[in-house]
1. Of all the stretches in the chain, which is the longest one without any exposed loop site, taking trypsin sites (Lys or Arg not before Pro) in a DSSP loop (any state but H, G, I, E, B) with at most 11 other Cβ atoms within 10 Å?
2. Any idea what diffusion coefficient the chain gets from Stokes-Einstein, in µm²/s, Kirkwood Rh on alpha carbon pairs, 10 °C, 1.306 mPa s?
3. Shape of the range 422-475 from its Cα gyration tensor (a ≥ b ≥ c, root eigenvalues): rounded if a/c is under 1.5, otherwise prolate when a/b > b/c, or oblate?
4. Cα gyration tensor of the range 258-400, axes a ≥ b ≥ c as square roots of the eigenvalues: rounded (a/c below 1.5), prolate (a/b > b/c) or oblate?
5. Expressed in nm to one decimal, what extension gain is obtained for the pair R74 and F667 from 0.36 nm per residue of sequence separation less their Cα-Cα distance?
6. Rg/Rh for the range 118-265 to two decimals, with Rh computed the Kirkwood way over all alpha-carbon pairs.
7. Principal axes first, then extents: for the Cα atoms of the range 264-345, list largest minus smallest coordinate on each axis, whole Å, largest first.
8. What do the square roots of 5 times the Cα gyration tensor eigenvalues come to for the range 463-543, in whole Å, largest first, as semi-axes of the equivalent ellipsoid?
Amino acid sequence: MSEIEGRRRVVIEKLRPQIDGGRFAIKRVVGEVVEIEVSVFADGHDSLTCLLLHRPERAGRWTETLLEELGNDRFRAAFTVTEIGRWLYTVTAWVDRFHTWRRDLRKRLDAGQDVALDLLAGAALVGAAGERARAGGRRADARVLAGLAKALEQGKEGEARLRLALDLELAQLMDRYADREHAVFHDRELAVVVDRERARFSTWYEMFPRSCSPEPGRHGTLRDCAARLPYVAGMGFDVLYLPPIHPIGRTHRKGKNNSPQAGPGDVGSPWAIGSAEGGHKSIHPQLGTAEDFRWLVAQARDHGLEVALDVAFQCSPDHPYVAEHPEWFRKRPDGAIQYAENPPKKYEDIYPFDFECDSWWELWQELKSIFDHWIGEGVRIFRVDNPHTKPFVFWEWLIAEIKREQPQVLFLGEAFTRPHLMYRLAKLGFTQSYNYFPWRTTRFELSEYFAELTRTEIAEYFRPSLWPNTPDILTEQLQFGGRPAFIQRLVLAATLGASYGIYGPAFELQLAQPRERGSEEYLDSEKYELRHWDLAAPGSLRELIALLNRARRENAALQSNAGLRFHPTDNEQLLCYSKTVPGTAAAAAAPSSGWAGAAEPFHRARSPGGAGADSAVLVVVNLDPHHVQSGWLELALPELGLPGDRPFQVHDLLTGARYLWHGSRSFVRLDPQQVPAHLFKVRRRVRSERDFDYFQ
């Protein structure tokens, strides 16, 4: 019984957000708001004081924010994360005897009751606060509180004593030295991983450096890749993602179109990593040198691009690891090293690591050193190949270690896998993730899936990166939908998600021929051979991509997933959705104040602010690449910040057209052979049709 403290009467429960009971961190980027809600209550009718505590993990003291009561014992508060790294937050509360006394004093006065004894009780509370101030070394405040206590106890003028008892400055001073002896804390401190803005908003372009040569048939170099930078930057991308750039094995090298037999000139798959020339920390000799790579990274930076590098934890049979550390690989019954399989498929040019080997810790250390090496070469973004085929505990350890040392590093997980696996990887620390977008094609599929990603707890830790194609994925829709399908999927990827990417130049040139019927593999895939691209080919989507990416840069609503809402249409082939700027204003951080014997009062946070004027975009997409589709939209005007009694203008950022709409119902018609989508900027400040000319 001695372990029970019976005077702690407060209950704190149902604190949100928290992932799996606080096992995992939520995610934010610098400048974003963490808004929490929690249930706090106690027996009886006493007043409670409830505080949100928050701080960077490295900081020693909490910042305190007063929780706002919502009713029915539910409270809310918010704070803004202002620096990269790991943050902590929790909630504390206590029965506040002074605020209970002050509340009840008002009630008694309103009822005309005698309050002489109440004033004596209040004086005792104020005197006790003075003692706490004195114990904390705040002698000036202690003297003030002692004087106030004496005035409440011995003052002669009734009205003056009552004014003093209810004085706001007295209440604030009492908050500063509140009696927290029996305060209760939430049962754990919760975490926020705070990244730089590119974690939330990024635009990726994937490109094989070996296919960057201006001369057909010649192996491209990193210098050739650098010459392509103006082209990529000109389309408005900010991340240039390179597949593996390491030496490629020769044993069981794959030939063209994934043939098991390679010809004399076949270059093999970049994912069959390692040869006599080196492994994961080396560069393919035909691509160039480490100096060339560093020069490419610097040149990319000058063009507003950041280089992302592919990390694939697997080896070719020729990788130095195979000879130096055979214990890191699983053996077959015949003694040979087990190659990768996904029956009935065989990948004899790849050896997977055995994460259950006795030398697992040494393996972990070496794999982390691969990331450390490329971080040292200037890389801060990594796309990780098939992370779901490696142990979860490994990723949790590795990502935490790297972000502790280099918190600006970002990880994109290429995990086209089952939902639980995909979400677990995100919880463990992957910054962004591939997802099911390529195969969500109907209105129902898209609206249901993105409502799940953006309107549920999943949004707290899972950031989708939308890719309409990859070197591994040429969807059926792209194969048979022609140019309209490419445009449709591009608009969806660029506007449904704050982060998206394309595999180019295959995408902008609308490469659509599969290796065979029913396959999602490209014919003459760049994974197995050099390709020469005619970037000036007629019909390229280059200009449209640049237009879309410009719209993304200029409209904050497209830089977050938080403001996504779907609107009904009367045609199943029309998908309509809006994006608005989520609230980002929270109270400015107050000077740090410790929670025990606080010398400064907690601050009272303002609620997150709403979107500003003209911050909404509205997107309508014809999901049928073959036919004209038309219909009525039913807009939720409050979601767009629009009144129902005034006209508003929509400006199509893809075509330049402008329309004056009034009310919640509007008619659209989309011809896929022209532009199968509208990307409207919503202009709210239109008072009448006479104002329409102002926007021309």
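Laboratory data are not the source of any read-out in this text; all were calculated from the coordinates shown. The structure presented is a predicted model; accordingly, all values stated were derived computationally and were not measured. Quick reminder, even Gly has a Cβ in these numbers, built from the backbone with ideal geometry, and neighbours come from all protein chains shown.
1. 157-516
2. Estimated diffusion coefficient is 55 µm²/s.
3. Oblate.
4. Cα axes put the range 258-400 in the oblate bin.
5. 209.2 nm
6. Ratio of gyration radius to Kirkwood radius for the range 118-265: 1.59.
7. 53, 30, 27
8. One finds semi-axes of 19, 15, 13 Å for the range 463-543.
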